[in-house]
Structures are given as structure tokens and as C-alpha cells.
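These notes are about the structure you will find just below.
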Amino acid sequence: MFFIRTKNIKNLDNEYYFTILYIKYSNKHSRDDKTVNMCVKYLTKEMTLSMKIPSDKSYIAKVSSDFLTFLHTNGIKECDAFQVAFEEALTNAIVHGNGNNIDKKVDINFNINDEYVEVIIEDEGNGFDYIMAMIELTESQDNIYKDSGRGIFLISLYTDDFYFENNGRKIVMIKYRN
């Protein structure tokens, strides 16, 4: 007879989450019960990278390159479109959020797990009416061809989900892995 139970374990050093499957085998012809630890399986592997940069557009290329390297080293290969969304959101934070004020910082967090990649960008600006910006973007197709204001449109194209927090000072972008 088999008895199966699972136990979740978090390894704090590496931030790996495991499920250990315990299979207990009882032989009715033997008095000894044998427990076999079988099948150690990764449930999720969370990787995080955080940084804070000054509001200087010259940082965009380097941070974008670091972002791409972080994705590639964590097994995410096809991410060029998501990189465009990241660069748009970062540019918006530096230019529109912080007004290119080098004394203001931009917080950037990259989180990867088995299900999705999440990018969080937050500026120190006053925020903006993102609901109205999205309405204006969809009111006329001509708005897509303007010199400014296409960032949110591109972000919507190249992410699976995104939303704003803190009165528009923070954007969370999500790209699912499958």
C-alpha cells in the first residue's frame, strides 16, 4: 500500500521553492515501513533584480541591456518586444514623471518566476491621470502617430498586462512565460 503526501519547502538562501513528494510504502508481509523521498520538484524559482537610477536618459541603454541579460540568464529568450515596453516605461518615468531632474530617482524592480516576468518602475514625480491618457489614446487613431504619447500604447501592445499605482507614479508590467 502506498501513502503519498507532499511538503513545501522554501530555501531562503536561493529563494527556491520545492515540493518534496514522500511516498510511504507498506508491505503487508513485512513489519518494516519504508519511506522513500522521491521527486524533488521546483515549483517556482523566483529571481529578483532591483536598482535605483538618476533621472538621466543616458542610463536607459545600459539598464535596458542589463534587463535583457537578466532575462536571458534566467531562461527567457524571446523578449525583444517586452524590452521595448520596458524602455518606453523607463523613458516615461525619467522624462514625464521626474521631468529629467537628475536629483530625482527611478526605482526599477525585475521579478521572474515560473509563471511570468514582472517589471515595476516608479518615479518621484507628481503622477498623471493615466485613465484620461488611455482614453485619449483610444479616441482617435491619429493619436497613435503623434510624436508624444505613444508609450502607453506600445506598453499595451508588448505586455500581457499592465497597470498603474500611486496616482500614475508606478507602473507594473507583466509578461507571461507561456
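If you count only protein heavy atoms and use a 1.4 Å probe, how large is the accessible surface of Val172, to the nearest 10 Å²?
Roll a 1.4 Å probe over it and Val172 shows about 0 Å².
With θ set to phi - 60°, apply the Karplus curve 6.51 cos²θ - 1.76 cosθ + 1.60 along region 79-85 and write out the HN-Hα couplings as whole Hz, x wherever there is a Gly or Pro.
Along region 79-85, the couplings run 9, 4, 5, 5, 5, 4, 4 Hz.
Treat each spin label as a single point 7 Å out from the Cα along the C-beta direction, and report the Ser64 to Gln83 distance in nm.
0.9 nm
Around Lys105, which amide H atoms from residues at least 5 apart in sequence, or from another chain, sit under 5 Å from its own amide H, with H modelled in the peptide plane?
For Lys105, whose amide H was placed from the backbone, the distant partners under 5 Å are Glu124.
What is the distance, in nm, between label points placed 7 Å from the Cα along the Cα-to-Cβ direction at Asn74 and at Asn111?
1.0 nm
Could you let me know the centre-to-centre spacing of region 154-178 and region 76-135, using Cα atoms, in angstrom?
Here the two parts' Cα centres lie 8 Å apart.
So how much slack lies between Asp103 and Phe128, counting 0.36 nm per residue of separation and subtracting their Cα-Cα distance, in nm? All intermediate terms of the calculation are to be shown ahead of the outcome.
Working: separation 25, 0.36 × 25 = 9.00 nm, distance 1.98 nm.
That pair, Asp103 and Phe128, stretches by 7.0 nm at full extension.
The values are calculated or read from the model by the stated rules, or taken from the named source; none is laboratory data. Keep in mind that what you see is a predicted model, and the values were worked out from it rather than measured. For neighbour counting, all protein chains shown are included, and Cβ atoms are generated from backbone atoms with ideal geometry for every residue, glycine included. Ligands, DNA and RNA are stripped out before the accessible areas are found, and what is left, the full protein with its side chains, is counted by its heavy atoms. Shrake-Rupley method; radii C 1.70, N 1.55, O 1.52, S 1.80 Å.
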